Amino acid sequence: MKKILIINPNSTKDITDGIAESLDPYCPPNCQLYYFTAPAHAPPSIRDYVTGIQTAAACFDEMINTGAFERFDGFLVCCCECTSSHSRLLLLADVVSLFDIVSDHPLQHMIREHLGPTSSKPCVGMFESGIAKALLVSRQFGIVSTAKDFKPLLQKGVSSFLGASGSDRFVGSEM
């Protein structure tokens with residue numbers, strides 16, 4: 001049985017509960033999902049680059065201290081703000097779909113670095129999975145956000161994911 005740790009990098013337990021409610025019905029029979037909320041001293045929400053770094057550091061330290069890297073087979077960094085400050089990935093296709101994303105959260109990169117390049121344990125973030133799905137179902141995509149401070153971070157994250165600073169697949173972000 002594969003054990004997957006679903007990580008809410010902010011300290012708001014209600015967000016973790018909402019994520020669990022959304023994901024549990026889709027858990028395959030050969031998997032167990034475990035949920036992690038950032039420690040209480042971490043910011044309750046991710047509003048900008050600074051709070052992203054603060055939440056990543058708090059989570060990473062807690063994961064080291066609890067042996068999470070040894071106990072779990074995979075990791076999903078999954079944070080959905082239920083406020084007007086969250087972003088949505090807008091697919092510009094025949095059918096418009098919306099996916100909750102925040103940004104290219106630093107925790108997923110910290111986890112990958114810690115596990116090392118030869119690790120068989122995957123770590124995926126919501127931002128990456130949203131872009132991957134957009135690339136699969138549409139020729140072009142853009143990001144619409146109500147958080148104007150995220151625009152540079154979103155564009156940098158997309159460039160990093162695509163491996164280039166420009167792509168005709170990404171039409172940009174609007175706030």
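The values are calculated or read from the model by the stated rules, or taken from the named source; none is laboratory data. Keep in mind the model is a prediction, meaning the values are calculated, not measured. Cβ atoms come from the backbone with ideal geometry, glycine included; neighbour counts cover every protein chain shown.
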What are the pairs with Cβ atoms under 7 angstrom where one residue, in segment 107-133, is in contact (Cβ under 8 Å) with a residue 12 or more places away in the chain and within 22 Å of residue 31 (Cβ to Cβ) and the other, located anywhere, is in a helix (DSSP H, G or I) and among the charged types (D, E, K, R)? Sequence gap at least six, or different chains.
123/112
Going by what's in this entry, would residue 144 be described as hydrophobic (A, V, I, L, M, F, W, C), at pLDDT 75 or above and closer than 14 Å to residue 75 by Cα?
no
Evaluation of residue 133 against (1) farther than 27 Å from residue 72 by Cα; (2) assigned to a helix (DSSP H, G or I) (one fails), failing number
(1)
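For residue 156, are the conditions met, namely being modelled with pLDDT of 75 or more, within 24 Å of residue 23 (Cβ to Cβ), among the basic types (Lys, Arg) and in contact with an Asp or Glu (Cβ under 8 Å, 6 or more places away or on another chain)? Show your work before the answer.
Details: modelled with pLDDT of 75 or more: yes; within 24 Å of residue 23 (Cβ to Cβ): no; among the basic types (Lys, Arg): yes; in contact with an Asp or Glu (Cβ under 8 Å, 6 or more places away or on another chain): yes.
Criteria not met by residue 156.
Got a number for residues in segment 159-171 being surrounded by 13 or more Cβ atoms within 10 Å (Cβ to Cβ) and either modelled with pLDDT of 85 or more or over 21 Å from residue 46 (Cβ atoms) (or both)?
Quick first cut of segment 159-171, residues surrounded by 13 or more Cβ atoms within 10 Å (Cβ to Cβ) only: 159-162, 167, 169-171.
Okay, now just the ones that are also either modelled with pLDDT of 85 or more or over 21 Å from residue 46 (Cβ atoms) (or both), so 162, 167, 169-171.
Qualifying residue count, segment 159-171: 5.
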If I go through segment 7-51 residue by residue, how many of them are surrounded by 17 or more Cβ atoms within 10 Å (Cβ to Cβ), over 20 Å from residue 72 (Cβ atoms) and of a type in the set (A, V, I, L, M)?
1
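Take residue 111 and tell me if it is within 16 Å of the chain's Cα centre (by Cα), modelled with pLDDT under 85 and buried (at least 22 other Cβ atoms within 10 Å of the Cβ). Let's see the steps before the verdict.
Numbers: within 16 Å of the chain's Cα centre (by Cα): yes; modelled with pLDDT under 85: no; buried (at least 22 other Cβ atoms within 10 Å of the Cβ): yes.
When the stated conditions are applied, residue 111 does not pass them.
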